[in-house]
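Below is one structure; the comments refer to it alone.
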Amino acid sequence: GQSLEQPSEVTAVEGAIVQINCTYQTSGFYGLSWYQQHDGGAPTFLSYNALDGLEETGRFSSFLSRSDSYGYLLLQELQMKDSASYFCAPHRDDKIIFGKGTRLHILP
Amino acid sequence: DTAVSQTPKYLVTQMGNDKSIKCEQNLGHDTMYWYKQDSKKFLKIMFSYNNKELIINETVPNRFSPKSPDKAHLNLHINSLELGDSAVYFCASSLRGSSGETQYFGPGTRLLVL
């Protein structure tokens, strides 16, 4: 079967750190991407993990554990502009699975 | 220059009508996609084309017919529109359609069926 779980909503305070968790189950798994989508906008690529471990890009880091079918996106020094939806997106051999994403609310 | 463009941006139409959405990418990519995002933000692939050939058809009703005249264009024609077709439709592209590639999304077409 195929499944993808991430929280529907997360709230955090400006300047803080937030972690968005993701568990997935899919055949033909290649790696895990994260995409960001602002209201009214298009999804845009944030990161891709093909191997286990942590990938860091500026304030954002993404982690993958293939054995646990688990990953997370870590956002540091949160800014109001980080208010958006974040999609955990496992790659299969033929497509990317997106799901419903996590809506991140940031409080001043 | 816009990498992936879609027209129209908004589309309001009556049930039963036929409509088309156009997509163009200037990235030189081989693979293009259509996604549907519903009101709950669920983003799901509909079709993918690689160099004008259909690769993925995700059990989409046959009222939806994609057409790729060349590898830079992927259009979506929808017949007999239904209320449930109201959604945002995103076109996307990637270099070769290989696993692990980044997909680049167009701005979306907001379709409202009345």
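Between A:Ala50 and B:Thr102, what is the label-to-label distance in nm when each label sits 7 Å out along the Cα-to-Cβ direction?
Distance between label points: 1.5 nm.
Please report the net charge: other residues with Cβ closer than 11 Å to the Cβ of A:Gln79, K and R +1, D and E -1. Can you show the working numbers first?
Numbers: positive: A:Arg59, A:Lys81; negative: A:Glu14, A:Glu77, A:Asp82.
Once positives and negatives cancel, what remains is -1.
When only the heavy atoms of the protein chains count and the probe is 1.4 Å, how do B:Met32, A:Met80, B:Met15 rank by accessible area, highest first?
Heavy-atom accessible area, descending, gives B:Met15, A:Met80, B:Met32.
Would you kindly derive the ³J(HN,Hα) couplings of segment B:55-71 from the backbone phi angles with the Karplus curve 6.51 cos²θ - 1.76 cosθ + 1.60 (θ = phi - 60°), listing them in order in whole Hz, with x for Gly and Pro?
10, 10, 10, 8, 6, 8, x, 6, 5, 9, 10, x, 9, 10, x, 7, 6
Please compare each pair in A:Lys81/B:Lys44; A:Lys81/B:Lys67; A:Lys95/B:Lys67 to a cut-off of 31 Å on the Cα-Cα distance and tell me which ones are over it.
Numbers: A:Lys81/B:Lys44 25 Å; A:Lys81/B:Lys67 37 Å; A:Lys95/B:Lys67 19 Å.
Listed pairs above 31 Å: A:Lys81/B:Lys67.
Please report the relative contact order for chain B, taking Cα pairs under 8 Å with a sequence separation of at least 6, and give it as a percent rounded to a whole number.
37
Determine the total buried accessible area between chain B and chain A, counting protein heavy atoms only with a 1.4 Å probe; round to the nearest 100 Å².
Looking at B and A, the buried total is near 1700 Å².
Per-residue HN-Hα couplings for segment B:25-40, Karplus 6.51 cos²θ - 1.76 cosθ + 1.60 at θ = phi - 60°, whole Hz, x for Gly and Pro?
10, 10, 8, x, 6, 8, 10, 10, 9, 10, 10, 10, 10, 7, 5, 8
Using heavy-atom solvent-accessible surface (probe 1.4 Å) with all chains present, what is the largest-first order of B:Asp70, B:Asp85?
The ranking, largest first, comes out as B:Asp70, B:Asp85.
With a ≥ b ≥ c the root eigenvalues of the C-alpha gyration tensor of the protein assembly as shown, is it rounded (a/c under 1.5), prolate (a/b larger than b/c) or oblate?
Here the protein assembly as shown falls in the prolate category.
Apply the Karplus parameterisation 6.51 cos²θ - 1.76 cosθ + 1.60, with θ equal to phi minus 60°, to every residue of segment A:98-106 and state each ³J(HN,Hα) to the nearest whole Hz, in sequence, with x for glycine and proline.
So the Karplus estimates, Gly and Pro as x, are 9, x, 9, x, 10, 7, 9, 9, 10 Hz.
Just to confirm, what accessible area per residue do you get for chain A at 1.4 Å probe, in whole Å²? Let's see the in-between values first.
Working: 5010 Å² over 108 residues.
Heavy-atom SASA per residue in chain A reads 46 Å².
Which one of B:Gly16, B:Thr31, B:Phe47 has its Cα pushed farthest toward the positive end of the charge dipole of segment B:16-60, where Lys and Arg give +1 and Asp and Glu give -1 at the Cβ?
Farthest towards the positive end: B:Gly16.
Any idea what the relative contact order of segment A:3-108 is, in percent, if you count C-alpha pairs under 8 Å spaced at least 6 apart?
Once normalised by length, the contact order is 36 percent.
List, by residue number, every residue in segment B:81-114 with a reduction of 40 Å² or greater in accessible area between the chain on its own and the complete protein assembly, 1.4 Å probe.
By number: B:Ser99, B:Gly100, B:Thr102, B:Gln103, B:Phe105.
Could you list the trypsin sites (Lys or Arg not before Pro) in segment A:1-94 that lie in coil according to DSSP, counting only those with at most 16 other Cβ atoms within 10 Å of their Cβ?
Those satisfying the criteria are A:Arg59, A:Arg66, A:Arg92.
Can you send over the carbon and sulfur percentage of the accessible area for the protein assembly as shown, probe radius 1.4 Å, protein chains only?
50
Just how much of B:Arg96 is accessible, in Å², when a 1.4 Å probe is used and the result is rounded to the nearest 10?
Here the residue's solvent-accessible area equals roughly 140 Å².
Please get the size of the charge dipole for chain A, origin at its Cα centre, with Cβ charges of +1 on Lys and Arg and -1 on Asp and Glu, quoted in debye to the nearest 20.
Its charge dipole is roughly 200 debye.
Measuring from centroid to centroid over Cα atoms, what is the spacing of segment A:38-108 and segment A:1-36 in Å?
Taking the Cα centre of segment A:1-36 as reference, the centre of segment A:38-108 is 6 Å away.
Is segment A:41-108 best put as rounded, prolate or oblate by its Cα gyration tensor, with a ≥ b ≥ c the root eigenvalues, rounded for a/c under 1.5, and otherwise prolate when a/b is larger than b/c, oblate when not?
oblate
How high is the relative contact order of segment B:48-109, in percent, counting Cα pairs under 8 Å that sit 6 or more residues apart?
23
The values are calculated or read from the model by the stated rules, or taken from the named source; none is laboratory data. As the structure is a prediction and not an experimental result, all values here were calculated from the model. Glycine gets a Cβ as well: all are built from the backbone with ideal geometry, and neighbour counts include every protein chain shown. We work out accessible area using only protein heavy atoms, side chains counted, and drop any ligands, DNA or RNA first. Shrake-Rupley method; radii C 1.70, N 1.55, O 1.52, S 1.80 Å.
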